2 protein chains.
Amino acid sequence: MDLSIGEVAQRSGLSVHALRFYEREGLFANPVRRLSNGRRIYHEEDLEWLAICTKLRSSGMSLPVIRQYIELARQGTGNEPERLALLRRHQDHVEAQIRELQETLDVMRDKVRIYEDHLARGEADRLWNPSHPDTKQCSD
Amino acid sequence: MDLSIGEVAQRSGLSVHALRFYEREGLFANPVRRLSNGRRIYHEEDLEWLAICTKLRSSGMSLPVIRQYIELARQGTGNEPERLALLRRHQDHVEAQIRELQETLDVMRDKVRIYEDHLARGEADRLWNPSHPDTKQCSD
DNA sequence: CTAGGTCCTAGAGTCGGGTCTAGATCAACA
DNA sequence: TGTTGATCTAGACCCGACTCTAGGACCTAG
């Protein structure tokens, strides 16, 4: 049931380097144990945590904030309201990102549609061109 | 109708430094003109482009790709299919980001709900704690 | 016994996207 | 007239998050 750093790298999608780096940065929920020869050993639960951790990262939680979260968890009982607040803040943040991306997407769809229309009608040459100030940017 | 770099900075939300940097990087749709004394002058359409540009950036389009896009537009007629392809690729990318964030959000909502429940019941001390291997990580 | 593969540490390097500094110019106001 | 404030350039610096290197240890297979 013990996993080497290489196996964890493969299964988590993180590089061996990144795993060591995360450890230095205090991003592991439980301290990484070692074999007598100094090699790291991991377990399934480390993979579970890394999966969560990766989600937090890719949704924009910085390494310091992740560290703060696991430090709270490590301290044990008593700080649950802080952990909850931290999670809620990130949740808000993720929701805001989604709204912003959705907005961008609307703009993009408009642009794509305009291009498609004009190309379909062979009017491509009437699209916006920076060197023709009379064309409108809204169809660039 | 002419705008100084300071005004553009204020209205676009970008710093004057960033505006000069973007110019060096070739990210302006039309080349930035100068007053006889060397100062840059901008116009409303630059602000419009910057608004789009900022959306592209914040949705993850890299500066090189933005440059590629405006270079295509600058070349004028003939490459509309490429521009369209570039936009579509980014659109796909944005859609993927939204899906991923949505997934993260689902996980976060679960976690938040679990914390709320447990706190409400005063069972906070039974939540996952890395030093108690018998607690489950799914409620960390 | 040795060659290959995995692992270790400390620390340097990279990359994207800015941000800041130094030293100069210029316009407007008191 | 002289100070303030905005601007200019070239280039140095910063930050986050890795990524890689050098130099060494250890294990297993041939």
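Rule-based calculations on the coordinates, nothing more; no lab input. Just so we're clear, the structure is a prediction, and the values are computed from it rather than from any experiment. Here Cβ is always computed from backbone atoms with ideal geometry, including for glycine, and neighbour counts include all displayed protein chains.
Here the relative contact order of chain A, from alpha carbon pairs under 8 Å that lie six or more residues apart, stands at 16 percent.
Within 10 Å of the Cβ of each residue in A:43-53, the mean number of Cβ atoms contributed by other protein chains is 2.
The GNM of chain A, with springs linking C-alpha atoms under 10 angstrom apart, assigns the highest mean-square fluctuation among A:GLN91, A:GLN68, A:GLN102 to A:GLN102. Extending 7 Å from Cα along the Cβ direction at A:GLN68 and again at B:GLU95 yields two label points whose distance is 3.6 nm. In straight-distance terms, cross-link reach from B:LYS55 covers every one of the aspartates and glutamates whose alpha-carbon lies under 12 Å from its own, apart from those fewer than eight places away in the same chain; here that gives A:GLU100, A:GLU103, A:ASP106. For the protein assembly as shown, count all C-alpha to C-alpha pairs, find those more than 29 Å apart, and express that count as a whole percent of the total. Tail of the P(r) past 29 Å holds 51 percent of the pairs.
Sorting A:VAL94, A:VAL32 on the 10 Å Cβ count, fewest up front, what's the list? If you can, show how the numbers build up before the last one.
On the way: A:VAL94 22, A:VAL32 16.
Taking fewest neighbouring Cβ atoms as first place, the list is A:VAL32, A:VAL94.
Inter-copy label distances at A:MET1, using a point 7 Å along Cα-to-Cβ, come to 7.4 nm with the shortest given first. Shielding of peptide B:93-104 by partners, expressed as the average count of other chain Cβ atoms within 10 Å per residue Cβ, is 5.
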